[in-house]
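Only one structure is covered here, and it is reproduced in the block below.
The values are calculated or read from the model by the stated rules, or taken from the named source; none is laboratory data. What you are looking at is a predicted structure, and each value in this text was computed from that prediction instead of being measured. All Cβ positions, even for glycine, are placed from backbone atoms using ideal geometry, and neighbour counts span all protein chains on display. Ligands, DNA and RNA are stripped out before the accessible areas are found, and what is left, the full protein with its side chains, is counted by its heavy atoms. Shrake-Rupley method; radii C 1.70, N 1.55, O 1.52, S 1.80 Å.
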Amino acid sequence: MDKRQGWNGGGREDAYDMETLRLELALRIIRRCTDWLKKKDRLKEEGIFRVSGSLVRINTLTPKLADEASIGDGATVKVDLDEEQIHTVAGTLKHTLIHIDPPLLPSQTWKALLDAQFSKGSLKARVDIFKERLAALSQARLDILRHVFTFLREIVSEQASNRMGAANVSRVFSATLFRHEDDMKSALYLAGGQLPAVALTVLLSDALLDTCFHPDSCKPCSLDDLATALGEAESGLTSTSDPQMVAHRIVAPDLSEDAEESTGGLEGPSSEGRGGNGWLGLGGLKMPLFQ
């Protein structure tokens, strides 16, 4: 039986809780964005994800994709992403990710990854801890993380054109994928470079995906071959950003009609814009989970 059966009839509530349904809805939106971005050399766009598109357009596109996703395969009319700019679709992807509530990483997992990242153990010991803690996540959370990190490797593979190497990608996406439930913590650990370092380890190692990924050759490699390149990439992650300014941007982004562009990776949800039971809160917009 199709997993979607029972969404409206209630027959699968015991096996399919509301959080899982919200995550599956989010993944459908994410897949629509990534599938479109991977076509026609769009990933070669310089600065992709570093600069988002118009927030007005993002706030218009997101609920349209949510409506489409809630219908699923039964949707007769698809949202035409070809009418949108690359940075708008890229921004919608990040917008969707950062408004997943609760965050993709539970606070205990978030702390465990940070502790492992900065422990004095070997890279293998760090990655082993990452594997253990990530494997304990729900399947719905893992599906999103694996899909997005696979996509991020494709972005890095086009770094000669888009200038988005592994360190840049990790810096831009760390607070989006690994947001803490306390936005101030997200801001402080982003500004200090700790959160991007965790994201970089997940991106390049085999902690989440099947193989390690060398940031220069953009090919599979062994963990031993990765060690030196990973260390070099990590050395450039410490940010000089003012933590208070970063915190302000995460907690209270400018969503006014005049706010046309914002630096990628720093924008985030206000607490009022997050989801509640039966809703996926995206950028202050409350969209029904079911059509």
> Roughly speaking, what is the centre-to-centre gap between the range 109-135 and the range 164-220 when only Cα atoms are used, to the nearest Å?
Replying inline: 13
> Per the 1.4 Å probe, what fraction of the accessible area of the range 10-134, in percent, lies on carbon and sulfur atoms?
Replying inline: 48
> What shape does the range 54-149 take by its C-alpha gyration tensor, where a ≥ b ≥ c are the square roots of the eigenvalues and a/c under 1.5 counts as rounded, a/b above b/c as prolate, and the rest as oblate?
Replying inline: prolate
> Is the shape of the range 101-193 rounded, prolate or oblate, going by the alpha carbon gyration tensor and its root eigenvalues a ≥ b ≥ c, with a/c under 1.5 for rounded and a/b larger than b/c for prolate?
Replying inline: rounded
> What is the total of Lys pairs in the range 34-191 with C-alpha atoms under 20 Å apart, excluding same-chain pairs fewer than 8 positions apart?
Replying inline: 14
>> Rounded, prolate or oblate, given the Cα gyration tensor of the range 150-243, with a/c below 1.5 counting as rounded?
In response: prolate
> Any idea of the accessible area per residue across the range 102-156, 1.4 Å probe, to the nearest Å²?
Replying inline: 45
> Using r as the Cβ-Cβ distance of Ser122 and Met184, and R0 as 25 Å, what FRET efficiency do you calculate, to the nearest 0.05?
Replying inline: 0.20
